[in-house]
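Novice: The structure that follows is given in the form of structure tokens.
The values are calculated or read from the model by the stated rules, or taken from the named source; none is laboratory data. Everything numeric here is computed off the predicted structure, so don't read it as measured data. Here the Cβ positions follow ideal geometry from the backbone for every residue, glycine too, while neighbour counts run over all protein chains shown.
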Number of protein chains: 2
Amino acid sequence: MIQPKVLKGFRDSLPSQEIIKKQVIATLEKVFSSHGFVPIDTPVLEYTEVLLGKGGGETDKQIFHFEDNGGRDVALRFDLTVPFARFMATHLHKLPLPFKRFHIAKVWRGENPQKGRFREFYQCDFDIVGIDSASADVEILLMMYNALTALKLERFTIHIAHRGLLNAFLEHINCFDNSVEILRIVDKIRKIGSKAVSVQLEQLTHSKEAAAAILNFITIVDGETAEETLKRLSLLAGGEKEYTERMQSILEMLTSLGIRDRFTLDPSITRGLDYYTGVVYETFLNDLVDIGSVCSGGRYNDLASLYTKAELPGVGSSIGLDRLLAALEELNSPLVQDATASDVVILNQDEALLPHYFKVAEALRKENVRCDVYLSQRKIGAQFKYAEQNDIPYALLFTEEDIALKQCTLRNLATRTDVSGLTIAQVVEQIQGNN
Amino acid sequence: MIQPKVLKGFRDSLPSQEIIKKQVIATLEKVFSSHGFVPIDTPVLEYTEVLLGKGGGETDKQIFHFEDNGGRDVALRFDLTVPFARFMATHLHKLPLPFKRFHIAKVWRGENPQKGRFREFYQCDFDIVGIDSASADVEILLMMYNALTALKLERFTIHIAHRGLLNAFLEHINCFDNSVEILRIVDKIRKIGSKAVSVQLEQLTHSKEAAAAILNFITIVDGETAEETLKRLSLLAGGEKEYTERMQSILEMLTSLGIRDRFTLDPSITRGLDYYTGVVYETFLNDLVDIGSVCSGGRYNDLASLYTKAELPGVGSSIGLDRLLAALEELNSPLVQDATASDVVILNQDEALLPHYFKVAEALRKENVRCDVYLSQRKIGAQFKYAEQNDIPYALLFTEEDIALKQCTLRNLATRTDVSGLTIAQVVEQIQGNN
């Protein structure tokens, strides 16, 4: 006998989890499609060199890679951004531009597993490439808004900043040479606090004034409007114009769309990676700020420079699906509460009636009622337990009279109350009325 | 610069393909859920020993396996059956029985790629385990019927047989010792024809009579009803009772459900693998018989014996998703024809109007119209090309008068005809009326 064990850092998804995950993914896909975004898929395995570049580097140790039977060095993808860049370079000539795509799929990293971190997890990315405009920035922000709203997460705040503005400021105060390290330090502010950030900035720049100036730049001033903040930041950056105007356009369009109150201008958002060049953003759930951002991204000026000379500016965002699922659970979201294996189960009191049960089930399915049939004539207690294990809210029973009169009895399994003498149409009404 | 190449036997899925694949999967999932089947997922990587058993064997060479950074011998799953067996053994104590699950996911095999065969492909499996009954057999067959019907594949035939009946027959004619090889030879009849099967059977059994008897057993007799065939086969198998009765019950329930005409009793169906013990079936598209079965499976008497002493009889089926997608394409299915990136695109004639465009798009999305916005004010010809590349059937345009009067112009991009002066509600009606 072989022990049925699962690898460290990997996990099965049980039905109760998988039903919710599928519903969340379907909801997101519907929102993305409603914006004209199209799905793509790429292979799980790629040439290691294609995924890592010629150098390799830090990600190298975390990646699952091996030599295949043909002697090729291959690797499991560790994100969806690199395969997307490779995809764009491969198919550029036949893709419409701007290209709006989404990709929801698993990725793998050999990190040491810790709470909430796994070696196999989902990413959910959406991007617009081939255009550098406020309209594209706004479309991504609007879609983030629509996605979270569709998931019934009403209380969220999207923090936005402009990487270009921060860089202009760093240049203005002669700190641009250290900009990559400064971004990384500032990015940690929500984890380590502003004091620690200040100390680290001073260590890095060897200047109390520079550290204070940077801290001042990234600190939100209470009571200031976004427009006032933007004006102040622009002045601090030496009167920067281009990025200020872009940010101004974005804010105006968000206002015009009536969703501005979900956004806050927050210059402490940097997104660490030096990949970003324009607007950057992170999204926090007001009631679960501590879990960190559930949806982050920004504008970059060249997606696929590793593979093609064609310049592909873009803007995109990524939803942390596993984190989002944990949040929905913790917030006891209606999405989680409503996850059931089916709407109703037909109990089996007489195996000879199975053809009848099947026909009733088919009639209910035609009305979009998900209907399970208990397949054998076991003790009724076992059948109720089956319904409970599957979170099925209703059971259908038939007395001899019911069969003769073409009716049935509907039991609400939560309240343990019966309604008798119902036609199929009435059963549909009862079940769908309560959904 | 790195060449953006994809591994041999792997492929990208472009939007035009991925949209259809997602729609097919969503349709199948809806059917499975309507029967109370629940989704599960398992890790892509597992211990090689868990996937292959202690022996390894023939699959061994085809499997992608390697040593991970922790020195474990790990492998990419090569099917969904083995992980399902492992899953059942791992979680048996907390799963409801009978357990009805589906799993649609990628698997990997290192086979030499040939036409229509890839190293990365989808499987779509559905099973009922923990019960051995005609009702479970019928539910799987009914769900196959519902799944293919939901995909608008009206012209299909499900060929069914009973493995137990064939085995009883082989025992009756003293050929049971060779049963595994006989099953494999018979399984090839649709590929190599009955003459070649006869020759191979004779070579194997060293008996003209045995070969002739087997060929006689598996050959359909024109004009015979299924009941007559079943009676004949039962007699040939020495008056076999148990399996004959099971088959009889299945046929009766299919008749009662009014779907019997899609099924044909075909004793040449064996499914090769010695894993099956009861009813077995394959599904052929009447207009594309040559592509082989698109949905096959059967009953087995013990799913997870490799991992647990608990006996888990089951019945299941598997849809060959890639083959099915190719068939839908070849049959020019409405599913393929209707695959578009969005329902309508708002053309951009004046960038200053972007806030207006965005608001109209949001209003359309609220009415379940998928609406793309062209994000920059490029030449109108480029915008029409964009619509064409995305197969978008309609475009929305605004004259100055339209903006003032809160109306718009809808262009049908296939017929190149305009309807002017429409309200948003009228646009929704026009677009949805034609879907």
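Novice: Collect the residues in the stretch A:232-270 that are of a type in the set (Ser, Thr, Tyr) and farther than 19 Å from A:SER179 by Cβ, keeping them in residue-number order.
Specialist: Across the stretch A:232-270, the qualifying residues are A:SER249, A:THR255, A:SER256, A:THR264.
Novice: To continue, here is another question. Is there a residue in the stretch B:289-312 that is within 14 Å of chain A (Cβ to nearest Cβ), aliphatic (A, V, I, L, M), within 22 Å of B:VAL24 (Cα to Cα) and touching a residue at least 12 places away in the same chain (Cβ under 8 Å)?
Specialist: no
Novice: Only one of (1) β-branched (Val, Ile, Thr); (2) buried (at least 20 other Cβ atoms within 10 Å of the Cβ); (3) at the interface with chain A (Cβ under 9 Å from one of its Cβ atoms) is not met by B:VAL24, so which one is it?
Specialist: Condition (3) is where B:VAL24 drops out.
Novice: Being surrounded by fewer than 17 Cβ atoms within 10 Å (Cβ to Cβ) and at the interface with another protein chain (Cβ under 8 Å from one of its Cβ atoms) is the filter here, so list the residues in the stretch A:373-397 that pass it.
Specialist: A:SER376, A:LYS385, A:GLN389
Novice: Also, quick follow-up: Take the stretch A:357-371 and flag every residue that is more than 13 Å from A:CYS408 (Cβ to Cβ) and in a helix (DSSP H, G or I).
Specialist: Selection gives A:PHE358, A:GLU362, A:ARG365, A:LYS366.
Novice: Mind checking which residues of the stretch B:91-111 are in contact (Cβ under 8 Å) with a residue 12 or more places away in the chain and in a loop (DSSP other than H, G, I, E, B)?
Specialist: Correct list: B:LEU97, B:PRO98, B:ARG109, B:GLY110, B:GLU111.
Novice: So A:LEU141 clears everything in (1) within 14 Å of another protein chain (Cβ to nearest Cβ); (2) among the aliphatic types (A, V, I, L, M); (3) over 20 Å from A:GLN248 (Cβ atoms) except one condition, right? Which one?
Specialist: Unmet for A:LEU141, out of (1) within 14 Å of another protein chain (Cβ to nearest Cβ); (2) among the aliphatic types (A, V, I, L, M); (3) over 20 Å from A:GLN248 (Cβ atoms): (3).
Novice: Still on this structure: When you scan the stretch B:199-219, do you find a residue that is touching a strand residue (DSSP E or B) at 6+ places or on another chain (Cβ under 9 Å) and part of a loop (DSSP other than H, G, I, E, B), even just one?
Specialist: No: zero hits.
For (1) over 17 Å from B:LEU165 (Cβ atoms); (2) assigned by TED's automatic domain parsing to the domain that holds B:PHE217; (3) free of Cβ contacts under 8 Å to residues at least 12 places away in the same chain, each residue gets a yes or a no:
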{"site": "B:LEU233", "(1), (2), (3)": "no, yes, no"}
{"site": "B:ARG246", "(1), (2), (3)": "no, yes, no"}
{"site": "B:SER249", "(1), (2), (3)": "no, yes, no"}
{"site": "B:THR255", "(1), (2), (3)": "yes, yes, yes"}
{"site": "B:THR264", "(1), (2), (3)": "no, yes, no"}
{"site": "B:THR270", "(1), (2), (3)": "no, yes, no"}
{"site": "B:GLY278", "(1), (2), (3)": "no, yes, no"}
{"site": "B:PHE284", "(1), (2), (3)": "yes, yes, no"}
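Novice: Any residue in the stretch A:193-207 that is buried (at least 22 other Cβ atoms within 10 Å of the Cβ), of a type in the set (Asp, Glu) and either over 24 Å from the mean Cα position of the chain (by Cα) or within 30 Å of A:HIS91 (Cα to Cα) (or both)?
Specialist: Checked against the condition, which is being buried (at least 22 other Cβ atoms within 10 Å of the Cβ), of a type in the set (Asp, Glu) and either over 24 Å from the mean Cα position of the chain (by Cα) or within 30 Å of A:HIS91 (Cα to Cα) (or both), the stretch A:193-207 yields no hits at all.
Novice: For the stretch A:238-248, state whether one or more residues are crowded, with 19+ Cβ neighbours inside 10 Å and within 14 Å of another protein chain (Cβ to nearest Cβ).
Specialist: Within the stretch A:238-248 (the criterion being crowded, with 19+ Cβ neighbours inside 10 Å and within 14 Å of another protein chain (Cβ to nearest Cβ)), the answer is yes, since at least one residue qualifies.
Novice: Just give me the residues in the stretch B:79-99 being of a type outside the set (Lys, Arg) and touching a helix residue (DSSP H, G or I) at 6+ places or on another chain (Cβ under 6 Å), in sequence order.
Specialist: Matches in the stretch B:79-99: B:VAL82, B:PRO96.
To keep it simple, each residue is scored yes or no on (1) of a type outside the set (Lys, Arg); (2) in contact with a helix residue (DSSP H, G or I) (Cβ under 9 Å, 6 or more places away or on another chain); (3) at pLDDT 95 or above; (4) not in a helix (DSSP H, G or I).
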{"position": "B:ASN146", "(1), (2), (3), (4)": "yes, yes, yes, no"}
{"position": "B:LEU153", "(1), (2), (3), (4)": "yes, yes, no, yes"}
{"position": "B:ILE192", "(1), (2), (3), (4)": "yes, yes, no, no"}
{"position": "B:THR229", "(1), (2), (3), (4)": "yes, no, yes, no"}
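Novice: Tell me yes or no: at least one residue of the stretch A:35-54 is over 24 Å from B:ARG11 (Cα atoms) and modelled with pLDDT of 95 or more.
Specialist: yes
Novice: Looking at the stretch B:72-90, I want the residues that are within 9 Å of chain A (Cβ to nearest Cβ) and in contact (Cβ under 8 Å) with a residue 40 or more places away in the chain and have a partner that is crowded, with 23+ Cβ neighbours inside 10 Å and of a type in the set (Val, Ile, Thr) with Cβ atoms under 9 Å, at least 6 apart or on another chain. Which pairs are those?
Specialist: Matching pairs, first to second residue: B:PRO83/B:VAL50; B:ARG86/B:VAL50; B:PHE87/B:ILE40; B:MET88/B:VAL129.
Novice: Go through the stretch A:346-372 and give me each residue that's more than 7 Å from chain B (Cβ to nearest Cβ) and among the hydrophobic types (A, V, I, L, M, F, W, C).
Specialist: A:ILE346, A:LEU347, A:ALA352, A:LEU353, A:VAL360, A:ALA361, A:ALA363, A:LEU364, A:VAL369
Novice: Still on this structure, I have one more. Going by what's in this entry, would B:ILE40 be described as crowded, with 19+ Cβ neighbours inside 10 Å, in contact with a helix residue (DSSP H, G or I) (Cβ under 9 Å, 6 or more places away or on another chain) and within 7 Å of chain A (Cβ to nearest Cβ)?
Specialist: Spelling it out, B:ILE40 is indeed crowded, with 19+ Cβ neighbours inside 10 Å, in contact with a helix residue (DSSP H, G or I) (Cβ under 9 Å, 6 or more places away or on another chain) and within 7 Å of chain A (Cβ to nearest Cβ).
Novice: Which residue, of B:LEU312, B:LEU257, is aliphatic (A, V, I, L, M) and touching a strand residue (DSSP E or B) at 6+ places or on another chain (Cβ under 6 Å)?
Specialist: Going through B:LEU312, B:LEU257 in turn, just one is aliphatic (A, V, I, L, M) and touching a strand residue (DSSP E or B) at 6+ places or on another chain (Cβ under 6 Å): B:LEU312.
Novice: Has the stretch B:166-182 got at least one residue that is within 14 Å of chain A (Cβ to nearest Cβ), of a type in the set (A, V, I, L, M, F, W, C) and surrounded by 17 or more Cβ atoms within 10 Å (Cβ to Cβ)?
Specialist: No, the stretch B:166-182 contains no residue that is within 14 Å of chain A (Cβ to nearest Cβ), of a type in the set (A, V, I, L, M, F, W, C) and surrounded by 17 or more Cβ atoms within 10 Å (Cβ to Cβ).
Novice: Checking B:LYS5 against (1) of a type in the set (D, E, K, R); (2) touching an Asp or Glu at 6+ places or on another chain (Cβ under 7 Å); (3) within 8 Å of another protein chain (Cβ to nearest Cβ): exactly one of these is not met. Which one?
Specialist: For B:LYS5, the failing item is (2).
Novice: Among the listed residues B:PHE10, B:PHE64, B:PHE32, which satisfies the condition of being buried (at least 16 other Cβ atoms within 10 Å of the Cβ), in contact with a strand residue (DSSP E or B) (Cβ under 8 Å, 6 or more places away or on another chain) and either more than 7 Å from chain A (Cβ to nearest Cβ) or without any contact (Cβ under 8 Å) to a residue 24 or more places away in the chain (or both)?
Specialist: Matching residue, one of B:PHE10, B:PHE64, B:PHE32: B:PHE32.
Novice: Kindly establish whether B:ALA161 is in contact with an Asp or Glu (Cβ under 8 Å, 6 or more places away or on another chain), more than 24 Å from A:ALA352 (Cα to Cα) and crowded, with 17+ Cβ neighbours inside 10 Å.
Specialist: no
Novice: Can you find a residue that is among the hydrophobic types (A, V, I, L, M, F, W, C) and either within 30 Å of A:THR308 (Cα to Cα) or buried (at least 21 other Cβ atoms within 10 Å of the Cβ) (or both) anywhere in the stretch B:91-98?
Specialist: The answer is no, given that none of the residues of the stretch B:91-98 is among the hydrophobic types (A, V, I, L, M, F, W, C) and either within 30 Å of A:THR308 (Cα to Cα) or buried (at least 21 other Cβ atoms within 10 Å of the Cβ) (or both).
Novice: Out of the stretch A:393-418, which residues are among the β-branched types (Val, Ile, Thr) and over 17 Å from A:VAL373 (Cα atoms)?
Specialist: Within the stretch A:393-418, A:THR415, A:THR417 meet the criteria.
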